[in-house]
1. Would you confirm whether or not the range 78-92 contains a residue that is in a helix (DSSP H, G or I), among the hydrophobic types (A, V, I, L, M, F, W, C) and over 12 Å from the mean Cα position of the chain (by Cα)?
2. Could you check how many residues of the range 84-121 are out of contact with any helix residue (DSSP H, G or I) (no Cβ under 6 Å at 6 or more places or on another chain), surrounded by fewer than 17 Cβ atoms within 10 Å (Cβ to Cβ) and among the acidic types (Asp, Glu)?
3. Show the residue pairs meeting these rules: Cβ distance below 7 Å; 6+ apart or different chains; first residue within the range 1-25 and closer than 15 Å to residue 110 by Cα; second residue of a type in the set (A, V, I, L, M, F, W, C) and part of a strand (DSSP E or B).
4. Only residues that are among the hydrophobic types (A, V, I, L, M, F, W, C) and either farther than 20 Å from residue 68 by Cβ or in contact (Cβ under 8 Å) with a residue 40 or more places away in the chain (or both): list them for the range 103-121, please.
5. Please go through the range 4-18 and give me each residue that is among the polar types (S, T, N, Q) and closer than 19 Å to residue 62 by Cα, ordered by number.
6. Can you pull out the residues in the range 11-46 that are under 16 Å from residue 79 (Cβ atoms) and hydroxyl-bearing (Ser, Thr, Tyr)?
7. So residue 41 clears everything in (1) under 24 Å from residue 120 (Cβ atoms); (2) in contact (Cβ under 8 Å) with a residue 60 or more places away in the chain except one condition, right? Which one?
8. Any residue that is in a helix (DSSP H, G or I), under 19 Å from residue 16 (Cβ atoms) and of a type in the set (Lys, Arg) - is there at least one of those in the range 98-116?
Amino acid sequence: MARILIIDDSPTEVRVLGGMAKKHGYEVITAETGEQGIEVAKEQKPDLILMDIVMPGLNGFQATHAISKDPATKDIPIIIVSTKGQETDKIWGMRQGASDYVTKPASEDELISKIKALLGD
């Protein structure tokens, strides 16, 4: 069973995204901040990360950059899931190392199809 790390400071978003992932057979682990997310990614080595952008402390762009540049975590695909839906946000997210980008509120079909594509399911 593939493990998905959700990095988001909103308990509601974690519940919604986690519910979608669990419904499709994925194991879910969570982190509330960018800093915590980087640590959990190093320790747990999830198969994929769902990353929020707007968080206190290290934002999702910074955390994505750190995870994608670290040799220990650089191969973990990251999907940014954010309310920031501007084209410039998407381009910047991909430049930081994200594999894909979904605008909130995420549709279950879109999110799961992107997860499956990245995990090769």
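Nothing in this text is a laboratory measurement; each read-out follows from the coordinates by a stated rule. Remember, predicted model here, so these are calculated numbers, not experimental data. All Cβ positions, glycine included, derive from the backbone under ideal geometry; neighbour counts span all protein chains shown.
1. Checked the range 78-92: at least one residue is in a helix (DSSP H, G or I), among the hydrophobic types (A, V, I, L, M, F, W, C) and over 12 Å from the mean Cα position of the chain (by Cα).
2. So the answer is 4.
3. Matching pairs, first to second residue: 17/6; 17/50; 17/81; 18/6; 18/28; 21/4; 21/28.
4. 106, 111, 112, 115, 118, 119
5. 10
6. Across the range 11-46, the qualifying residues are 26, 30.
7. All conditions are met except number (2).
8. Within the range 98-116 (the criterion being in a helix (DSSP H, G or I), under 19 Å from residue 16 (Cβ atoms) and of a type in the set (Lys, Arg)), the answer is yes, since at least one residue qualifies.
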